[in-house]
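Asker: Take a look at the following structure, please.
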Amino acid sequence: MRHRRLLLALILFALPAVAAGQSVVLSVRAVLDSLDSGPHLFGFHDDALAGIDDYDVPEPPHAPADYLSLAFTMLDPDVPLPNRWRDELRNSAIFEDQGETWRLLVETDHSGTLRLYFDVLVGQQYPLSLEVSDAIGDRADLLLDVPSVVPWPVTGSRMELDLTLTSSVAIPTDEATWSRLKALYGR
């Protein structure tokens with residue numbers, strides 16, 4: 001009997017186990033004149049849910065004057081809250097189709113050229129690209145292998161930009177042996 005358990009343990013040890021999908025988290029921050037929006041997070045997290053969850057952080061309304069504000073807006077929010085989010089993370093499983101879009105609301109009472117700073121916080125190992133576009137057809141494409149800056153003209157006090165994140169390869173699941181998974185989680 002003891003030999004069977006040992007044999008079963010050896011077989012389980014040798015078989016690969018599939019871990020959860022991989023998180024990809026990016027930050028965006030806007031700077032205009034002396035105003036700075038601060039970092040806002042978007043992307044995918046393995047534990048995030050579809051819709052609103054603990055990873056989606058509300059963004060307060062902007063100041064009455066001298067302001068620069070960023071907020072993500074969800075297309076179909078599932079609760080009657082103001083649709084303004086500082087961080088908007090989605091479940092990693094939906095990134096398997098290699099593309100996803102976030103709507104970014106930019107509000108300011110200044111004019112000039114906005115600088116959007118993008119950085120990959122988690123998922124640097126993947127070949128990611130980002131398209132920034134607006135309703136009138138302006139767009140910028142960038143590869144996210146290093147922190148990137150996109151200049152964007154301010155066309156009004158309220159602008160909506162679409163951020164479309166893609167990868168040239170599918171984000172794989174991580175295959176590992178059972179012992180490696182146990183070591184990762186300290187068990």
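The values are calculated or read from the model by the stated rules, or taken from the named source; none is laboratory data. The model shown is predicted, which means the values in this text are computed figures rather than measured ones. No Cβ is skipped: glycine too gets one built from the backbone with ideal geometry, and neighbour counts run over all protein chains shown.
Asker: Select from the range 87-121 the residues that are among the polar types (S, T, N, Q), exposed (fewer than 14 other Cβ atoms within 10 Å of the Cβ) and under 18 Å from L32 (Cα atoms) and list them in ascending order.
Answerer: S111, T113
Asker: Might you let me know whether the range 15-24 holds any residue that is over 29 Å from P127 (Cβ atoms) and at pLDDT 85 or above? Lay out the reasoning, then the answer.
Answerer: Filtering the range 15-24 for residues over 29 Å from P127 (Cβ atoms) gives 15.
Among the residues that remain, those that are also at pLDDT 85 or above are: none.
Looking through the range 15-24, none of the residues is over 29 Å from P127 (Cβ atoms) and at pLDDT 85 or above.
Asker: Shifting gears a bit: Just checking, which of T155, T173 is in a loop (DSSP other than H, G, I, E, B), more than 23 Å from A50 (Cα to Cα) and either modelled with pLDDT of 80 or more or polar (S, T, N, Q) (or both)? Step through it out loud before you land on a result.
Answerer: Details: T173 fails: more than 23 Å from A50 (Cα to Cα).
Residue meeting the stated conditions: T155.
Asker: Moving to a separate point now. Which condition breaks for S34 when tested against (1) farther than 17 Å from S167 by Cβ; (2) modelled with pLDDT under 85?
Answerer: Just one mismatch for S34, condition (2).
Asker: Further question on the same structure: Which number in (1) in contact (Cβ under 8 Å) with a residue 40 or more places away in the chain; (2) more than 24 Å from V146 (Cα to Cα) marks the one condition that T101 misses?
Answerer: Among (1) in contact (Cβ under 8 Å) with a residue 40 or more places away in the chain; (2) more than 24 Å from V146 (Cα to Cα), T101 violates only (2).
Asker: Out of (1) farther than 23 Å from V25 by Cβ; (2) part of a strand (DSSP E or B); (3) at pLDDT below 90, what's the single condition that is false for K182?
Answerer: (2)
Asker: Taking the condition of being out of contact with any strand residue (DSSP E or B) (no Cβ under 8 Å at 6 or more places or on another chain) and either under 20 Å from L70 (Cα atoms) or assigned to a strand (DSSP E or B) (or both), how many residues in the range 107-136 meet it?
Answerer: Let us first name the residues in the range 107-136 that are out of contact with any strand residue (DSSP E or B) (no Cβ under 8 Å at 6 or more places or on another chain), namely 109, 111, 124-125, 136.
Still in the list and also either under 20 Å from L70 (Cα atoms) or assigned to a strand (DSSP E or B) (or both): 109, 111, 136.
Of the residues in that region, 3 qualify.
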